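Colleague: Structure incoming, see below.
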Amino acid sequence: MSNETIVNIKKSILHMTHYSKSSHVGTSLSIVDILYVLYYRIMNIDPANPKMPNRDKFILSKGHGSAALYATLAERGFFNKELLDRYYIDYGVLPGHLDMEAVQGIELSTGSLGHGLSVGVGMAIANKLDNNDGKVYVVLGDGECNEGSVWEAVMLAATLRLQNITVIIDYNKLQGFGRTNEIINQENMAERWKAFGWDVIEIDGHNLQQLEKAFNSKAERPKAIIAHTIKGNGISFMADQLDWHYRSPNEDQLVAAIKELEGKL
């Protein structure tokens with residue numbers, strides 16, 4: 001079941017980016033396993049009641065990976081899959097960067113990098129003040145961690161010992177213009193988060209068991225999961241290739257990618 005669902009989400013991403021001739025397919029594919037575990041195994045959510053007060057909230061701070069979240073929400077039943085055909089096109093309904101007014105299930109409009117964690121910390125503080133046991137999960141890109149506002153939020157969350165927030169760093173080691181650690185070296189990513197006062201777990205971001213265990217682990221402080229991922233994961237000719245930050249699959253590439261995915265079922 002899990003493999004079929006993940007393949008379906010990835011197929012949707014490929015169709016969406018092909019049809020709209022849009023970018024960020026590699027960015028989206030790197031987080032599908034993370035989203036699957038959150039939306040199918042971890043978070044307290046109800047597609048039939050998406051605004052229930054005690055729900056867990058998810059923020060995709062790297063909002064350019066929107067195709068992955070739209071596809072996951074549609075697969076999970078938050079909205080009709082037919083809307084995926086109206087992604088990132090003129091007169092469409094699903095913008096290229098996430099829009100919380102577009103469809104049910106999106107907690108925050110994102111895309112201007114570095115803002116998601118600050119808002120997530122605010123949500124976590126609000127839940128504590130309201131005695132609301134809902135948790136907050138935020139996915140950051142590794143390149144996004146170059147932004148100073150990320151670290152302001154990191155410091156505040158640690159100071160307040162917000163145990164109700166978890167950050168997942170999509171550590172695929174590529175960003176818009178090259179290798180992440182060649183642009184700003186973050187090879188000591190885990191040590192940085194520990195130094196700022198977070199509980200840190202380092203895992204394979206494509207291993208469902210490791211992801212689930214990391215999410216379920218007890219933490220005395222806010223939790224950071226360093227998820228080592230591969231940009232373009234699941235498609236051999238896209239994997240770990242910077243080109244797929246910007247390219248969209250043509251017809252032949254779409255057919256080849258879908259065939260490769262279906263061969264894994």
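Colleague: At a threshold of 8 angstrom on Cα-Cα distance, excluding pairs fewer than six apart, so keeping six or more, what relative contact order does the range 105-182 reach in percent?
Modeller: Relative contact order of the range 105-182: 35 percent.
Colleague: Roughly how tilted is helix 2-20, in degrees to the nearest 10 and between 0 and 90, from the longest Cα axis of the chain?
Modeller: Compared with the principal axis, the helix lies near 70 degrees.
Colleague: Here's something else I'd like to know. Can you tell me the order of 249-259, 136-146, 217-227 when each peptide is scored by its average per-residue count of other Cβ atoms within 10 angstrom, highest first?
Modeller: 136-146, 217-227, 249-259
Colleague: Which one, 238, 189, 263, projects farthest toward the positive side of the charge dipole computed for the range 149-265 from Cβ point charges (K/R +1, D/E -1)?
Modeller: 189
Colleague: How many nm separate the modelled label positions at residue 146 and residue 101, each set 7 Å beyond the Cα in the direction of the Cβ?
Modeller: Inter-label distance under the simple model: 3.1 nm.
Colleague: Give me the percent relative contact order of the chain, please, defined on Cα pairs under 8 angstrom at least 6 residues apart.
Modeller: Reported as a whole number, the value is 24 percent.
Colleague: Skipping prolines and chain starts, which residues have an amide H placed within reach, meaning under 5 Å, of the one on residue 59, given they are 5 or more residues away or on another chain?
Modeller: Result for residue 59 returns 137, 138, 139.
Colleague: If a paramagnetic tag sat 7 Å from the Cα of residue 264 along the Cα-Cβ line, which residues of the range 26-60 would have the backbone N under 14 Å from that point?
Modeller: Hits in the range 26-60 for residue 264 at 14 Å: 26-37.
Colleague: Arrange the peptides 124-131, 104-111 so that the one whose residues have, on average, the most other Cβ atoms within 10 Å appears first.
Modeller: Final packing ranking: 104-111, 124-131.
Colleague: Where nothing but the Cβ of Lys and Arg (+1) and of Asp and Glu (-1) is charged, how large is the charge dipole of the chain around its Cα centre, in debye to the nearest 20?
Modeller: 420
Colleague: Related question: Against the longest alpha carbon principal axis of the chain, how many degrees, from 0 to 90 and to the nearest 10, is the axis of helix 116-129 turned?
Modeller: 50
Colleague: Output the antiparallel fraction of DSSP beta bridges having both residues in the chain, as a percent to the nearest 5.
Modeller: Around 10 percent antiparallel, to the nearest 5.
Colleague: Would you grab the residues whose amide H sits under 5 Å from the one on residue 200? Only those 5+ places off in sequence or on another chain, please, with H modelled 1.01 Å from N.
Modeller: Result for residue 200 returns 224.
Colleague: If you rank 64, 24 by fewest surrounding Cβ atoms within 10 Å, what's the result?
Modeller: The order, fewest Cβ neighbours first, is 64, 24.
Coordinate-derived values only; no laboratory data. Since the structure is predicted, the reported quantities are computational estimates derived from the model, not experimental observations. Glycine also receives a Cβ, built like all others from the backbone with ideal geometry; neighbour counts cover every protein chain displayed.
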